[in-house]
Amino acid sequence: MPDQPSRPTISVPGTTSHTIAPREGHREGTLRYLKAGTGAPLVLLHTVRTQAEHFRDLVPLVSDRYTVHALDLPGMGYSEIVPGASYEEPAMRAGVERLLTELDLDDVTLVGESMGAVLALTTAADLPDRVRRVVAVNTYDFRGGIARSGVLARVVVSGVLAPGVGPMLAGVEPKAALRRILQGGLGDKTALRKDYLDELRQVGRRPGYPAVARGVYRNLPGLVAARSRYAEVKAPIHLVYGEQDWSRPSDRAANRELLPDADFTLVPGAGHFIALERPDVLASLVNAAA
(Lines give C-alpha, C1' and ligand atoms only; values in the text may rest on other atoms or scores of the structure.)
Protein backbone atom coordinates (compact mmCIF):
# COMPACT_ATOMS: atom_id res chain seq x y z
CA MET A 1 0.00 0.00 0.00
CA PRO A 2 1.46 3.41 -0.92
CA ASP A 3 1.97 5.98 1.77
CA GLN A 4 -1.13 8.03 2.42
CA PRO A 5 -1.03 11.85 2.55
CA SER A 6 0.17 13.14 5.91
CA ARG A 7 -1.72 16.42 5.70
CA PRO A 8 -5.45 17.13 5.90
CA THR A 9 -7.38 18.01 2.77
CA ILE A 10 -9.28 20.81 4.52
CA SER A 11 -8.09 23.72 6.61
CA VAL A 12 -9.43 25.45 9.69
CA PRO A 13 -9.20 29.24 9.31
CA GLY A 14 -6.58 30.89 11.50
CA THR A 15 -4.98 27.68 12.74
CA THR A 16 -1.44 26.35 12.62
CA SER A 17 -0.51 22.69 13.01
CA HIS A 18 1.84 21.49 15.76
CA THR A 19 3.10 18.25 17.28
CA ILE A 20 4.08 16.93 20.70
CA ALA A 21 6.86 14.34 20.72
CA PRO A 22 6.57 11.09 22.70
CA ARG A 23 8.11 11.02 26.13
CA GLU A 24 11.25 8.93 26.43
CA GLY A 25 10.56 5.53 27.94
CA HIS A 26 6.83 5.64 27.24
CA ARG A 27 4.90 3.63 24.66
CA GLU A 28 3.21 6.52 22.94
CA GLY A 29 3.26 8.35 19.64
CA THR A 30 3.57 11.90 18.41
CA LEU A 31 0.40 13.93 18.94
CA ARG A 32 -0.83 16.51 16.47
CA TYR A 33 -2.93 19.52 17.38
CA LEU A 34 -4.22 22.71 15.78
CA LYS A 35 -3.66 26.05 17.48
CA ALA A 36 -5.35 29.41 17.00
CA GLY A 37 -6.18 32.65 18.77
CA THR A 38 -5.09 34.43 21.93
CA GLY A 39 -6.20 34.38 25.54
CA ALA A 40 -6.68 31.67 28.15
CA PRO A 41 -6.25 28.11 26.86
CA LEU A 42 -9.22 26.24 25.42
CA VAL A 43 -8.72 22.56 24.58
CA LEU A 44 -11.08 20.84 22.14
CA LEU A 45 -11.48 17.04 22.21
CA HIS A 46 -13.23 15.32 19.32
CA THR A 47 -15.64 12.40 18.98
CA VAL A 48 -15.28 8.74 18.03
CA ARG A 49 -14.02 8.39 14.41
CA THR A 50 -13.23 12.07 13.90
CA GLN A 51 -10.31 14.47 14.42
CA ALA A 52 -9.37 18.07 15.19
CA GLU A 53 -11.07 19.33 12.02
CA HIS A 54 -14.35 18.30 13.66
CA PHE A 55 -14.21 21.78 15.22
CA ARG A 56 -13.55 23.66 11.97
CA ASP A 57 -16.62 25.89 12.42
CA LEU A 58 -16.24 26.36 16.19
CA VAL A 59 -12.60 27.51 16.26
CA PRO A 60 -13.15 30.82 14.41
CA LEU A 61 -16.02 31.65 16.79
CA VAL A 62 -13.91 31.35 19.95
CA SER A 63 -10.34 32.18 18.89
CA ASP A 64 -10.71 35.89 19.57
CA ARG A 65 -11.16 35.11 23.28
CA TYR A 66 -9.09 31.94 23.75
CA THR A 67 -5.90 30.29 22.64
CA VAL A 68 -7.46 27.20 21.10
CA HIS A 69 -5.79 23.79 21.03
CA ALA A 70 -7.74 21.18 19.03
CA LEU A 71 -6.12 17.79 19.63
CA ASP A 72 -6.02 14.68 17.46
CA LEU A 73 -6.46 11.95 20.07
CA PRO A 74 -3.83 9.16 20.06
CA GLY A 75 -3.79 7.25 16.77
CA MET A 76 -6.57 9.40 15.30
CA GLY A 77 -6.51 12.20 12.77
CA TYR A 78 -2.81 12.81 12.12
CA SER A 79 -1.47 11.75 15.50
CA GLU A 80 1.00 8.89 15.18
CA ILE A 81 -0.29 5.34 14.95
CA VAL A 82 1.79 3.12 17.25
CA PRO A 83 1.49 -0.63 16.57
CA GLY A 84 0.04 -2.44 19.58
CA ALA A 85 -0.95 0.78 21.37
CA SER A 86 -3.82 0.77 23.83
CA TYR A 87 -7.03 2.68 23.11
CA GLU A 88 -8.54 2.16 26.50
CA GLU A 89 -9.86 5.27 28.25
CA PRO A 90 -6.78 5.76 30.48
CA ALA A 91 -4.46 5.64 27.45
CA MET A 92 -6.50 8.20 25.52
CA ARG A 93 -6.76 10.37 28.63
CA ALA A 94 -2.98 10.20 28.95
CA GLY A 95 -2.75 11.82 25.50
CA VAL A 96 -4.93 14.71 26.64
CA GLU A 97 -2.86 15.11 29.80
CA ARG A 98 0.32 15.17 27.73
CA LEU A 99 -1.04 18.17 25.85
CA LEU A 100 -1.76 20.05 29.06
CA THR A 101 1.48 19.17 30.84
CA GLU A 102 3.92 19.32 27.92
CA LEU A 103 2.59 22.76 26.93
CA ASP A 104 2.28 23.75 30.61
CA LEU A 105 -1.32 24.91 30.17
CA ASP A 106 -3.10 26.34 33.20
CA ASP A 107 -6.56 27.84 33.71
CA VAL A 108 -7.76 25.52 30.93
CA THR A 109 -11.30 25.25 29.62
CA LEU A 110 -11.85 21.72 28.34
CA VAL A 111 -14.54 21.24 25.71
CA GLY A 112 -15.16 17.69 24.61
CA GLU A 113 -17.83 16.06 22.49
CA SER A 114 -18.91 12.41 22.80
CA MET A 115 -15.79 10.40 23.69
CA GLY A 116 -13.99 13.72 24.05
CA ALA A 117 -16.52 14.81 26.69
CA VAL A 118 -15.73 11.79 28.84
CA LEU A 119 -11.99 12.44 28.45
CA ALA A 120 -12.48 16.10 29.37
CA LEU A 121 -14.16 15.08 32.63
CA THR A 122 -11.63 12.39 33.58
CA THR A 123 -8.72 14.69 32.69
CA ALA A 124 -10.22 17.37 34.93
CA ALA A 125 -10.42 14.79 37.72
CA ASP A 126 -6.71 14.00 37.27
CA LEU A 127 -5.45 17.58 36.83
CA PRO A 128 -7.60 19.81 39.05
CA ASP A 129 -4.92 22.49 39.34
CA ARG A 130 -4.82 22.99 35.57
CA VAL A 131 -8.52 22.85 34.63
CA ARG A 132 -10.76 25.86 35.07
CA ARG A 133 -13.98 24.57 33.51
CA VAL A 134 -15.40 21.60 31.59
CA VAL A 135 -18.02 21.75 28.85
CA ALA A 136 -19.09 18.14 28.24
CA VAL A 137 -21.14 17.74 25.06
CA ASN A 138 -23.17 14.55 24.54
CA THR A 139 -21.04 12.41 26.85
CA TYR A 140 -20.44 8.96 25.36
CA ASP A 141 -20.96 7.07 28.60
CA PHE A 142 -23.99 4.86 27.97
CA ARG A 143 -24.31 1.34 26.60
CA GLY A 144 -24.87 1.04 22.87
CA GLY A 145 -23.29 4.32 21.84
CA ILE A 146 -22.74 4.64 18.11
CA ALA A 147 -24.82 1.51 17.55
CA ARG A 148 -27.83 3.71 18.34
CA SER A 149 -27.13 5.60 15.11
CA GLY A 150 -29.09 2.93 13.25
CA VAL A 151 -29.09 -0.63 11.95
CA LEU A 152 -26.14 -0.04 9.64
CA ALA A 153 -23.98 1.23 12.51
CA ARG A 154 -24.81 -1.84 14.58
CA VAL A 155 -23.88 -4.14 11.72
CA VAL A 156 -20.63 -2.32 10.91
CA VAL A 157 -19.41 -2.06 14.51
CA SER A 158 -20.28 -5.70 15.19
CA GLY A 159 -18.41 -6.74 12.05
CA VAL A 160 -15.32 -4.68 12.89
CA LEU A 161 -15.16 -6.28 16.32
CA ALA A 162 -15.73 -9.82 15.06
CA PRO A 163 -12.78 -12.22 15.36
CA GLY A 164 -11.14 -13.23 12.12
CA VAL A 165 -12.88 -10.92 9.66
CA GLY A 166 -12.80 -7.84 11.92
CA PRO A 167 -9.42 -6.46 10.80
CA MET A 168 -10.39 -6.81 7.13
CA LEU A 169 -13.75 -5.12 7.63
CA ALA A 170 -12.13 -2.28 9.59
CA GLY A 171 -10.05 -1.49 6.52
CA VAL A 172 -13.09 -1.32 4.22
CA GLU A 173 -15.10 1.83 4.80
CA PRO A 174 -17.41 2.68 1.89
CA LYS A 175 -18.18 6.36 1.63
CA ALA A 176 -21.94 5.78 1.57
CA ALA A 177 -21.79 3.68 4.75
CA LEU A 178 -19.67 6.19 6.66
CA ARG A 179 -21.95 9.01 5.54
CA ARG A 180 -25.06 7.17 6.70
CA ILE A 181 -23.59 6.26 10.09
CA LEU A 182 -22.43 9.82 10.81
CA GLN A 183 -25.68 11.33 9.58
CA GLY A 184 -27.39 9.09 12.13
CA GLY A 185 -25.86 11.43 14.71
CA LEU A 186 -27.27 14.59 13.15
CA GLY A 187 -30.63 16.28 13.33
CA ASP A 188 -29.65 18.35 10.26
CA LYS A 189 -28.14 15.81 7.84
CA THR A 190 -26.64 18.60 5.69
CA ALA A 191 -24.25 19.48 8.52
CA LEU A 192 -22.01 16.61 7.36
CA ARG A 193 -20.19 18.38 4.53
CA LYS A 194 -18.71 16.43 1.62
CA ASP A 195 -15.16 17.74 2.06
CA TYR A 196 -15.16 16.72 5.73
CA LEU A 197 -16.44 13.24 4.89
CA ASP A 198 -13.66 12.92 2.28
CA GLU A 199 -11.13 14.01 4.89
CA LEU A 200 -12.32 11.38 7.37
CA ARG A 201 -12.03 8.72 4.69
CA GLN A 202 -8.46 9.82 3.91
CA VAL A 203 -7.53 9.37 7.55
CA GLY A 204 -9.25 5.98 7.52
CA ARG A 205 -6.86 4.88 4.78
CA ARG A 206 -3.74 5.64 6.82
CA PRO A 207 -1.57 2.53 7.27
CA GLY A 208 -2.48 0.96 10.60
CA TYR A 209 -5.74 2.84 11.04
CA PRO A 210 -7.96 -0.27 10.94
CA ALA A 211 -6.24 -1.44 14.13
CA VAL A 212 -6.97 1.94 15.70
CA ALA A 213 -10.65 1.67 14.75
CA ARG A 214 -10.93 -1.80 16.22
CA GLY A 215 -9.11 -0.73 19.37
CA VAL A 216 -11.36 2.27 19.91
CA TYR A 217 -14.60 0.35 19.33
CA ARG A 218 -13.42 -2.54 21.51
CA ASN A 219 -12.70 -0.22 24.42
CA LEU A 220 -15.80 1.98 24.27
CA PRO A 221 -17.24 0.19 27.36
CA GLY A 222 -14.38 1.79 29.29
CA LEU A 223 -15.98 5.18 28.65
CA VAL A 224 -19.10 3.96 30.44
CA ALA A 225 -16.98 2.83 33.38
CA ALA A 226 -15.25 6.23 33.46
CA ARG A 227 -18.46 7.82 34.76
CA SER A 228 -17.23 6.74 38.17
CA ARG A 229 -14.63 9.54 37.94
CA TYR A 230 -17.06 12.40 37.28
CA ALA A 231 -17.79 13.17 40.91
CA GLU A 232 -14.06 13.80 41.46
CA VAL A 233 -14.08 16.85 39.17
CA LYS A 234 -13.63 20.06 41.17
CA ALA A 235 -14.02 22.50 38.26
CA PRO A 236 -17.44 23.81 37.20
CA ILE A 237 -19.13 21.52 34.66
CA HIS A 238 -21.61 22.36 31.92
CA LEU A 239 -23.45 19.35 30.45
CA VAL A 240 -24.74 19.91 26.92
CA TYR A 241 -27.00 17.49 25.05
CA GLY A 242 -28.61 17.52 21.65
CA GLU A 243 -32.32 16.86 21.80
CA GLN A 244 -31.82 14.01 19.30
CA ASP A 245 -28.55 12.72 20.78
CA TRP A 246 -28.02 8.96 20.95
CA SER A 247 -28.32 9.20 24.74
CA ARG A 248 -31.77 8.60 26.16
CA PRO A 249 -33.50 10.97 28.59
CA SER A 250 -32.72 8.44 31.33
CA ASP A 251 -28.99 8.60 30.47
CA ARG A 252 -29.02 12.39 30.72
CA ALA A 253 -31.01 12.32 33.94
CA ALA A 254 -28.48 9.92 35.45
CA ASN A 255 -25.65 12.37 34.78
CA ARG A 256 -27.65 15.30 36.13
CA GLU A 257 -28.20 13.29 39.30
CA LEU A 258 -24.52 12.32 39.46
CA LEU A 259 -23.47 15.97 38.94
CA PRO A 260 -26.19 18.01 40.68
CA ASP A 261 -24.16 21.24 40.60
CA ALA A 262 -23.51 21.11 36.86
CA ASP A 263 -25.16 23.53 34.44
CA PHE A 264 -27.34 21.84 31.84
CA THR A 265 -28.29 22.83 28.29
CA LEU A 266 -30.51 20.91 25.85
CA VAL A 267 -30.07 22.00 22.22
CA PRO A 268 -33.38 21.67 20.34
CA GLY A 269 -33.28 19.64 17.14
CA ALA A 270 -29.58 18.82 17.40
CA GLY A 271 -28.13 15.33 17.44
CA HIS A 272 -24.85 13.83 18.65
CA PHE A 273 -22.49 16.07 16.65
CA ILE A 274 -23.39 19.52 17.94
CA ALA A 275 -20.00 20.93 16.87
CA LEU A 276 -21.06 20.24 13.28
CA GLU A 277 -24.70 21.31 13.59
CA ARG A 278 -24.70 24.17 16.08
CA PRO A 279 -21.18 25.52 16.64
CA ASP A 280 -22.83 28.86 17.43
CA VAL A 281 -24.47 27.38 20.52
CA LEU A 282 -21.19 25.96 21.81
CA ALA A 283 -19.37 29.21 21.06
CA SER A 284 -21.94 31.18 23.07
CA LEU A 285 -21.59 28.86 26.05
CA VAL A 286 -17.79 28.94 25.95
CA ASN A 287 -17.43 32.66 25.28
CA ALA A 288 -19.84 33.59 28.06
CA ALA A 289 -17.29 32.39 30.61
CA ALA A 290 -14.16 33.76 28.90
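Quick notes
- Looking only at the range 203-244, residues that are modelled with pLDDT of 95 or more and in a loop (DSSP other than H, G, I, E, B) come to 6 in all.
- Of the criteria (1) in a helix (DSSP H, G or I); (2) under 20 Å from residue 119 (Cβ atoms), which one residue 247 fails: (1)
- So residue 83, is it part of a helix (DSSP H, G or I) and surrounded by fewer than 20 Cβ atoms within 10 Å (Cβ to Cβ): no
- When the range 89-124 is filtered for residues that are assigned to a loop (DSSP other than H, G, I, E, B) and surrounded by fewer than 24 Cβ atoms within 10 Å (Cβ to Cβ), the ones remaining, listed by number, are 103, 104, 105, 106, 107.
- Tally, over the range 58-80, of residues that are assigned to a loop (DSSP other than H, G, I, E, B), of a type in the set (A, V, I, L, M, F, W, C) and in contact (Cβ under 8 Å) with a residue 60 or more places away in the chain: 2
- Positions within the range 125-136 being open to solvent by 40 Å² or more (accessible area, probe 1.4 Å), touching a residue at least 24 places away in the same chain (Cβ under 8 Å) and either of a type in the set (D, E, K, R) or touching a His at 6+ places or on another chain (Cβ under 8 Å) (or both), in sequence order: 126, 130, 132
- Taking the listed residues 213, 275, 254, the one that is surrounded by fewer than 17 Cβ atoms within 10 Å (Cβ to Cβ) and among the aliphatic types (A, V, I, L, M) is 254, with no other qualifying.
- Residue in the range 80-89 that is closer than 16 Å to residue 21 by Cα and small (Gly, Ala, Ser) present: yes
- Filtered residue count, the range 30-49, keeping only those that are modelled with pLDDT of 95 or more, in a loop (DSSP other than H, G, I, E, B) and over 20 Å from residue 286 (Cα atoms): 1
- Candidate set: the range 194-210, residues that are in contact (Cβ under 8 Å) with a residue 12 or more places away in the chain and more than 17 Å from the chain's Cα centre (by Cα); chosen: the one least open to solvent (accessible area, probe 1.4 Å): 202
- If the condition is being closer than 25 Å to residue 56 by Cα and of a type in the set (D, E, K, R), then the range 196-228 contributes 198, 199, 201, 205, 206.
- Residue 42 meets each of the listed conditions (1) buried (at least 21 other Cβ atoms within 10 Å of the Cβ); (2) in contact with a Phe, Trp or Tyr (Cβ under 6 Å, 6 or more places away or on another chain); (3) over 17 Å from residue 275 (Cα atoms) apart from (3).
- Residues satisfying the stated conditions in the range 211-224, i.e. closer than 17 Å to residue 112 by Cβ and among the small types (Gly, Ala, Ser): 222
- A single member of 56, 23, 32 is open to solvent by 30 Å² or more (accessible area, probe 1.4 Å) and of a type in the set (D, E, K, R), and it is 23.
- A residue that is of a type in the set (Asp, Glu) and under 13 Å from the mean Cα position of the chain (by Cα) cannot be found anywhere in the range 99-111.
- Of the residues screened, residue 267 is one that is in contact with a helix residue (DSSP H, G or I) (Cβ under 8 Å, 6 or more places away or on another chain), more than 26 Å from residue 94 (Cα to Cα) and either at pLDDT below 95 or not aromatic (Phe, Trp, Tyr) (or both).
The values are calculated or read from the model by the stated rules, or taken from the named source; none is laboratory data. In this text, all values refer to a predicted model and were calculated from it rather than measured experimentally. Because the Cβ atoms are built from the backbone with ideal geometry, glycine has one as well, and the counts that use them run over all protein chains shown. These accessible areas exclude ligands, DNA and RNA; they are computed on the full protein's heavy atoms, side chains included. Shrake-Rupley method; radii C 1.70, N 1.55, O 1.52, S 1.80 Å.
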